[in-house]
1. How many nm is it between the label spots at residue 182 and residue 119, if each spot is 7 Å from the Cα in line with the beta carbon?
2. Label 7 Å along Cα→Cβ of residue 153; the stretch 6-35 residues with amide nitrogen under 20 Å?
3. Label residue 309 and residue 328 with points 7 Å out from Cα along Cα→Cβ: what is the distance between them in nm?
4. Test of understanding: what is the full-extension gain from residue 202 to residue 31, defined as 0.36 nm times their sequence separation minus their Cα-Cα distance?
5. Compute the separation of the alpha-carbon centres of the stretch 293-321 and the stretch 10-60 and state it in Å as a whole number.
6. Expressed in nm to one decimal, what extension gain is obtained for the pair residue 316 and residue 298 from 0.36 nm per residue of sequence separation less their Cα-Cα distance?
7. If I take every Cα pair under 8 Å that is 6 or more residues apart in the stretch 120-226, average their sequence separation and divide by the length, what percent do I get for the relative contact order?
8. Separation between the residue 213 and residue 291 pseudo-spin-labels, each 7 Å from Cα along Cα→Cβ, expressed in nm?
Ligand code: ATP
Ligand code: LTN
C-alpha cells in the first residue's frame with residue numbers, strides 16, 4: 001500500500017452534470033488526484049432513490065464517466081468505477097443500516113427536500129440514501145471526501161456511523177474528513193441565487209450543463225437574476241452578483257476583491273458577459289472531449305472494468321473485517 005492518503009467521492013448519474021458539480025466537486029478532484037490515492041465513483045445506486053428511466057440512467061452513467069475523464073481525471077492515476085459493479089457497497093450498507101437510527105436519517109435536509117419533491121412516492125431507498133453513502137466512503141478507509149457544501153451533513157453522519165461502529169467493536173473504519181473548498185463549494189442557481197444550482201431543477205435557465213453549447217451558456221448568463229443595487233459588490237446582500245464573481249474566481253484563480261476592482265464603474269451586463277466567456281472557454285474542451293469519449297464505448301468499458309476490479313480488492317477487505325466483527329460465520 002502507498003503512503004498516500006485516500007480520497008473518495010461520487011456523483012449521481014441523475015442527469016447531465018452542471019457547472020455546480022464541476023466547480024464544487026470535479027475540479028477539486030483533478031487537483032487532488034496528484035497527491036492522494038484517489039477513488040471516484042459514479043453512484044448509480046443512489047440515482048434510483050427517485051424514479052429514473054432505465055435508458056436515461058444507462059446513458060447518464062456513461063456520460064458522467066466521459067465527463068470525469070474529459071475534465072482531467074486520469075484513469076491511470078485515479079480509480080474510476082460504477083457503484084453497482086462493486087457489490088460490497090450494498091452489502092456494507094446493510095450492516096451500517098443496523099447501526100444507523102431512524103431519527104438521525106429523518107433529520108437529513110436532503111431527505112426532507114427531496115421528499116417534498118416526491119410526495120406520495122417517498123421510497124425507503126431515499127430515506128436510506130445517506131447510509132449507502134457512508135458505506136461508499138467507509139469501504140475504502142477514506143481519509144478525505146471532497147464534496148460541495150450541500151454534502152456536509154451527510155459527511156457528519158458518515159463520521160458518526162464510523163465512530164459508533166469503531167466504539168462498539170474495535171477500530172475498523174478510518175473516520176473520514178470532509179474537504180470542502182472555500183470558493184465554488186456552493187454554486188447558486190442562476191434564476192434563484194438563494195438556492196443551489198441543481199441538475200434536477202425544473203427551470204433549465206437556472207443551471208449551466210457541462211454539455212451546454214456556447215450560445216446557451218451566454219443566453220443563460222444574460223438572463224441570470226441579479227439585484228437592483230446597480231453596483232458590483234461581493235456581499236450576501238447581492239447573492240446573484242456574488243455567485244457570478246465566485247464562478248469567475250473559481251475558474252481563473254483571481255480573488256473576489258480583484259474581480260470587484262476590475263469591474264469598478266462597470267455594469268451587470270459586462271459582468272455577465274465576462275462570466276459567460278470564462279465559463280465557455282473552461283467548458284469547451286470538456287464538452288468536445290466528452291462527446292468523443294462517449295462514442296468510444298469500448299474504451300469506457302475498459303476504464304470502468306479496471307476501476308471496479310481495483311475498487312473491489314480494497315472493498316472486500318473492509319467488508320470481510322466488518323462481517324467478522326459483527327459475528328457472521330466465515331464461509332471459508
Ligand atoms: P441532484 O440535483 O440530482 O440532487 P446534484 O446536482 O446535487 O444532484 P449530486 O450528484 O448530488 O448532484 O452531487 C455531486 C457533487 O456535486 C457533490 O459533491 C455535490 O456537493 C456537488 N454539487 C452539486 N451541486 C453543487 C453546487 N450547486 N455547487 C457546488 N457543488 C455542488
Ligand atoms: N450524496 C452525494 C453523492 C455521493 C457521494 C458518495 C459523495 C454518494 N456517495 C460518497 C461523496 C462520497 C451527493 O452529492 N448527492
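1. 4.2
2. Backbone N within reach: 10-12, 21, 24-25.
3. 2.5
4. So the extension gain works out to 58.4 nm.
5. Cα centroid to Cα centroid, the span is 15 Å.
6. Length gained, residue 316 through residue 298: 3.8 nm.
7. On the way: 119 pairs, mean separation 23.0, N = 107.
Value for the stretch 120-226: 21 percent.
8. Distance between label points: 0.9 nm.
Bear in mind these aren't lab numbers, they're just calculated from the coordinates by the rules spelled out. These numbers were taken from a predicted model, which means no experiment stands behind them. Glycine gets a Cβ as well: all are built from the backbone with ideal geometry, and neighbour counts include every protein chain shown.
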